[in-house]
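As structure tokens, the structure follows; a few thoughts come after it.
Readers should treat all values here as calculations from the given coordinates under stated rules, not as data from a laboratory. Since this is a predicted model, take the numbers as computed values, not measurements. Here the Cβ positions follow ideal geometry from the backbone for every residue, glycine too, while neighbour counts run over all protein chains shown.
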Amino acid sequence: MGSDVTTRLQELYRQWCGEPVEGVAPVSADGSVRRYFRMTGRGRTVIGAFNPDRKENRAFLKLSRHFRRQGLPVPEIHASDLDRHIYLQQDLGDVTLFSLVSTLAREEAFSERLVGLYRQALETLARFQIVGGRDLDYAECYPRPCFDRQSMRWDLNYFKYHFLKLVDVPFEEQALEDDFDTLIDFLMEADTNHFLYRDFQSRNLMWFQERLYCIDYQGGRKGALQYDVASLLLDSKADLPWSLRNELLDHYLGVAANLTSLQPETFLRFYRPYALLRLMQAFGAYGYRGLHQGKSHFVASIPYGLHTLEGLLAQGALPVRLPALSEVWRRMIGCDSLRRKGQEQRPGLTVHVKSFSYKQGLPRDRTGHGGGYVFDCRILPNPGRNPAYAPLTGRDQEVVGFLQEDREVQRFLTQTRTLVDQAVNHHLGRNFTDLTVAFGCTGGRHRSVFCAERLALHLRSRKDLRVDLHHRELESMP
């Protein structure tokens, strides 16, 4: 099946640009039957997608074209073949908001730059919901044209059957069903006349050409504003401080109020109940994808989700009475075994990513395992020969822009990512603990630093490993 899919995609690529494909590398996709491939050729680098669900593909393609017409940041669709379940879309790189958060929060805590990224994300969200929702033919949305009672019931049953029953949290069936009805009745009182993105979270926001782009909106439909805001701000693994979440929520309210008539008090009345609905859907995914299918990074999300649930409930009484659900939430928060989920999988895999100068010799392998990869970046264009770039490093935006726009550099990065991803998957399958990847260049300041940074961002988008990044020559500078 795999070779058949790539053959189809290569044929579509040739039809689109008239050139053969030179390289195909799989791109990871969590929690989905969709499969993605980075396809490179002399024409251009694109992302090839395969999804056996024709209706979902149709919804994604129509939404993409609608949002492009509205000037919203979504990938361009280059070509599609619905009968063969494939399409080609713009390659937005590998840097997600989540990977940026992982990097920046480690280096700078929650700096102004990080806060600025979240503000930009919320400004983009408001435009999607309000501007993008105007003149949208919701009949094209899938699986339903609106986030209605049936959609909410699906999410709540997902939580009940794929989380509560798998972790053996006791509940009274009829009392819980009654609370589900009460919650749905309350949520349906909110304004539901906007576009609901459905999965607006940090892993679906790509950082490309100094701007956030949005992907994975194929499940979008008409609904309430609150759901998507909660999806981003309560993204458990991003683990934003509550003070920052509240600050960003205020920022969103100001932006949205400039685009549509919005009463903050009314919005906030429905916000936490919608946030709880979204969180229960997420727990359903943690149970199904993690506990049932055995995907470790979903299991590891459970303690983060419990922490978020605890903080959400600590903000005071809800505007709707839910005694059975409240008791379930209390039992979940108080369950020590749930709090420890995922910890038994440590130490796990750490990928040590390094940059160095060949003049100073190869870097030492301090893990004692040997092996891994050393990539020679001296075959790439050298920005250090430009006097304007010479005093800078591969972390500076001027150098990043120079290298990022070069086709040979992009091909090199694609090929190295393919090799490293293969090694990572092998090491995870064998329960190995360390993998070393080093990039060398002449001075260890420009090309090797840039490539190491790009690979680290790519790997940090995964949740089943840790990344240890070091720039030997930069760290030795006074």
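Remark on V27: its backbone amide H falls under 5 Å from those of Y36, F37, R38, a criterion applied only to residues 5 or more positions apart or on other chains, H modelled at 1.01 Å from N.
Taking Cα atoms, how many degrees apart are the long axis of helix 301-313 and the longest axis of the chain, rounded to 10 and kept between 0 and 90? Tilt of helix 301-313: around 40 degrees. Taking the charge dipole of the chain about its Cα centre, with +1 at Lys and Arg Cβ atoms and -1 at Asp and Glu Cβ atoms, the residue from T6, A121, L97 reaching farthest to the positive side is T6. Of the trypsin sites (Lys or Arg not before Pro) found in segment 374-468, those that fall in a DSSP loop while having at most 16 other beta-carbon atoms within 10 Å are R395, R430.
Over the chain, what is the mean sequence separation of C-alpha contacts under 8 Å (at least six apart), divided by residue count, expressed as relative contact order in percent? Mind dumping the intermediate values first?
Working: 762 pairs, mean separation 69.4, N = 478.
With pairs under 8 Å counted, the relative contact order is 15 percent.
List the GluC sites (Glu not before Pro) within segment 394-473 that fall in a DSSP loop (any state other than H, G, I, E or B) and whose Cβ has at most 12 other Cβ atoms within 10 Å. If you can, show how the numbers build up before the last one.
Numbers: sites: E398, E405, E408, E453, E473; in loops: E405.
Loop-located and lightly packed - E405.
Please check which bits of segment 200-232 a label hung off H292 would reach, taking the label as a point 7 Å along Cα-to-C-beta and the cut-off as backbone N under 20 Å. Once the point is set 7 Å along Cα→Cβ of H292, 219 turn out to lie under 20 Å by backbone N, inside segment 200-232.
A DSSP coil position with no more than 12 other Cβ atoms inside 10 Å describes the following trypsin sites (Lys or Arg not before Pro) in segment 283-348: R321, R340.
Let me check against my output: what whole-number percent is the relative contact order of segment 2-90, with C-alpha pairs under 8 Å and at least 6 apart?
Values: 147 pairs, mean separation 23.3, N = 89.
Relative CO of segment 2-90 lands at 26 percent.
Would you mind counting up the charge near P273? Only other residues with Cβ under 12 Å from its Cβ, with Lys and Arg at +1 and Asp and Glu at -1.
Net charge in that neighbourhood comes out at +1.
At 0.36 nm per residue, minus the direct Cα-Cα distance, what do R430 and R69 gain on full extension? Give it in nm, one decimal, please. Working shown, then result.
Values: separation 361, 0.36 × 361 = 129.96 nm, distance 4.76 nm.
Contour length minus the Cα-Cα distance gives 125.2 nm.
Computed from the Kirkwood radius of its Cα pairs, the Stokes-Einstein diffusion coefficient for the chain at 4 °C and 1.567 mPa s stands at 54 µm²/s.
For the chain, the Cys residues with no second cysteine's beta carbon closer than 4.7 Å are C17, C141, C146, C214, C335, C451. Projecting the Cα atoms of G372, G361, N386 onto the dipole axis of segment 345-452, where Lys and Arg carry +1 and Asp and Glu carry -1 at the beta carbon, places G361 farthest toward the positive end.
Expressed as an acute angle from 0 to 90° and rounded to the nearest 10, what is the orientation of the C-alpha long axis of helix 173-187 relative to the principal long axis of the chain? It is inclined by approximately 80 degrees. Between the helical axis of 2-17 and the longest alpha-carbon principal axis of the chain there is an angle of about 80 degrees. Amide H contacts for V467 (H built 1.01 Å from N in the peptide plane; partners 5 or more residues away or on another chain; cut-off under 5 Å): V351.
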